[in-house]
Amino acid sequence: MENSIYDYTLDELKEQLKPSFRAKQVYNWIYKKYVNSYDEMKNIPNDLKQTLKENYPINILEIVKKEQSTDGSIKYLFKLRDGHTVESVLLLMKKKKVNEDGSIERSEQFTVCISTQVGCKVGCTFCLTAKGGFVRNLTVGEIVDQIVEIKKDNNIAENKSLNIVFMGMGEPLDNYNNFVHSVKVFSEEEGLSINRRRQTVSTSGLSSKIEKLGNENLGIQLAISLHAVDDELRSELIPMNKAYNIKSIIDAVKKFPVDARKKVMFEYLVIKDKNDDIASAKKLLNLLDGIKAKVNLIYFNPYPGTSYQRPERNDMIKFQDYLTSRGLLCTIRESKGLDISAACGQLKEKDANASS
C-alpha cells in the first residue's frame with residue numbers, strides 16, 4: 001500500500017518536508033485539529049498543500065458501519081483504500097462524573113482496541129477473524145488513523161489521553177515493524193501524545209518476537225492471550241502453539257522488561273468444560289509463578305456455528321477466588337458490547353453476509 005501522512009514520526013516528516021518547521025504545523029492540523037483535508041490548513045502555503053495532496057493522502061480510512069452498545073462501547077468497521085475492511089472498538093471504561101454544580105469531577109476514560117492486520121495467520125479456533133484467513137498487514141498509517149478517526153467521530157478532545165490495546169484483528173507481532181513504528185507515532189508529543197505506558201500489545205504468543213520486543217525496551221505493556229494451561233488444549237484452540245508452546249512463551253515473558261508499577265496481563269478465555277475447572281486454576285498458578293502477573297478471565301462469547309459454550313458465572317467466580325486467595329491478582333472481564341457484534345471479526349462477518 002502507498003504511504004499516507006499518518007505513516008511518519010515527527011522527525012521523519014521533518015526530513016520529508018522543507019522547511020522542516022512545516023512538519024510540526026501539519027502534525028498539529030491532523031492530530032490536534034483533526035482536519036480532513038489539506039485545504040483546511042490555513043498556515044500552509046498552496047504549493048506545499050499540492051505536494052502533500054499528491055504524496056501524503058489523509059483520507060485512508062472510511063467508517064462504513066458502526067454499532068453502539070447500551071454500555072457506551074462503539075464498534076467500528078473501517079474500509080481501507082483497497083476495499084478491505086478492519087474493525088476497531090471504542091470502550092467506555094469509566095463514565096463522566098459530574099458534580100451537582102455542573103463541574104466535572106472526572107472525565108470519561110476510554111480504551112480503544114485497534115487492528116494491525118486484515119485477517120490473521122494465527123487461526124485460533126474460537127475466533128471469527130481467523131475464518132477469513134490472512135489478507136495483508138496494515139500500514140503504519142492504517143493502524144494510526146483508526147485512533148484519529150475514532151477521536152474525531154466522538155469529539156474526543158485533542159489533549160484527552162486514552163488507552164490503546166493492539167488486540168483487534170490480526171496478530172500485532174506478526175506485523176512487527178509497522179506495529180513498533182505505530183507505537184512511536186502514537187507517543188509523539190506534538191501528535192496524539194499517547195504515553196507508551198498507555199499502550200498495550202496483546203499477542204497470541206510469538207515467543208521469539210516477544211523477546212525481540214523486550215530488547216527494544218519501548219516501555220509498552222504486554223498482554224498474553226494464554227487461554228489454556230497445557231499444550232494439548234492450547235494447540236486445539238491456537239494451532240500456532242505447536243510452533244510457540246507455552247514454555248517458550250513463559251520463558252520469553254520472564255525476560256520482558258516490566259515497568260515497576262505494572263504487571264504482565266494474561267488473557268484467559270474461559271470455555272465451559274474445557275478450561276474452567278479448579279485443576280486448570282492450579283496449573284495456571286504454577287505456570288505464572290515468578291512473574292509479576294495479572295490474570296484476566298474472559299467469558300467465551302458464543303457465535304453461530306461454534307461448539308464452544310459460555311462458562312457458568314459460578315465457575316468463573318470459583319476460578320477467580322482460587323487464584324486471588326493464593327495471591328495472584330485476577331479479574332473477571334465483564335463482556336462489553338454483548339448487544340453489538342463486539343467480538344473481533346463479528347461485524348466484518350455480518351457485513352460480508354449482508355452484502356453477499
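Here are a few things to note about the model shown:
- Members of the range 83-136 found to be in a strand (DSSP E or B) and free of Cβ contacts under 8 Å to residues at least 12 places away in the same chain, listed by number: LYS97, VAL98, ILE104, GLU105
- Residues of the range 274-303 satisfying the condition of being in contact with a helix residue (DSSP H, G or I) (Cβ under 9 Å, 6 or more places away or on another chain) and in a loop (DSSP other than H, G, I, E, B): LYS274, ASN275, ASP276, ASP277, LEU288, GLY290, ILE291, ASN301, TYR303
- Filtered residue count, the range 246-261, keeping only those that are buried (at least 16 other Cβ atoms within 10 Å of the Cβ) and under 16 Å from HIS227 (Cβ atoms): 5
- Check on TYR308, at pLDDT 85 or above, more than 18 Å from the chain's Cα centre (by Cα) and outside any loop (DSSP other than H, G, I, E, B): no
One line per residue, one yes/no per condition, for (1) out of contact with any Cys (no Cβ under 6 Å at 6 or more places or on another chain); (2) charged (D, E, K, R); (3) more than 21 Å from PRO57 (Cβ to Cβ); (4) buried (at least 23 other Cβ atoms within 10 Å of the Cβ):
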position: VAL140; (1), (2), (3), (4): yes, no, no, yes
position: ASP145; (1), (2), (3), (4): yes, yes, no, yes
position: ILE156; (1), (2), (3), (4): yes, no, yes, no
position: SER161; (1), (2), (3), (4): yes, no, yes, no
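- Condition met for TYR6 (within 28 Å of the chain's Cα centre (by Cα), buried (at least 19 other Cβ atoms within 10 Å of the Cβ), under 21 Å from ILE143 (Cα atoms) and outside the structural domain of SER193 (by TED's automatic domain parsing)): yes
- When the test is whether a residue is in a helix (DSSP H, G or I), out of contact with any Pro (no Cβ under 6 Å at 6 or more places or on another chain) and touching a residue at least 40 places away in the same chain (Cβ under 8 Å), ASN215 does not pass it.
- Test for ASN241: is it modelled with pLDDT under 95, surrounded by fewer than 22 Cβ atoms within 10 Å (Cβ to Cβ) and assigned by TED's automatic domain parsing to the domain that holds TYR268: no
- Every residue from the range 152-192 that is in contact (Cβ under 8 Å) with a residue 60 or more places away in the chain, in a loop (DSSP other than H, G, I, E, B) and farther than 24 Å from GLU267 by Cβ: ASN154, GLU158, GLU188, GLU190, GLY191, LEU192
- Selection status of TYR303, in contact with a Lys or Arg (Cβ under 6 Å, 6 or more places away or on another chain), buried (at least 16 other Cβ atoms within 10 Å of the Cβ) and of a type in the set (Ser, Thr, Tyr): no
- As for the range 196-209, it holds at least one residue that is closer than 21 Å to ASP11 by Cβ, touching a helix residue (DSSP H, G or I) at 6+ places or on another chain (Cβ under 8 Å) and either assigned to a helix (DSSP H, G or I) or not polar (S, T, N, Q) (or both).
- Residue satisfying all of: in the range 46-78; among the β-branched types (Val, Ile, Thr) and under 18 Å from the mean Cα position of the chain (by Cα); nearest to ILE143 (Cα to Cα) among these: ILE63
- Selection count, the range 218-256, where residues are part of a helix (DSSP H, G or I), of a type in the set (S, T, N, Q) and farther than 16 Å from ASN275 by Cβ: 1
The values are calculated or read from the model by the stated rules, or taken from the named source; none is laboratory data. Values in this document were obtained by computation on a predicted structure and should not be read as measured data. A quick note on method: Cβ atoms are made from the backbone with ideal geometry, for glycine too, and the neighbour counts reach across all protein chains shown.
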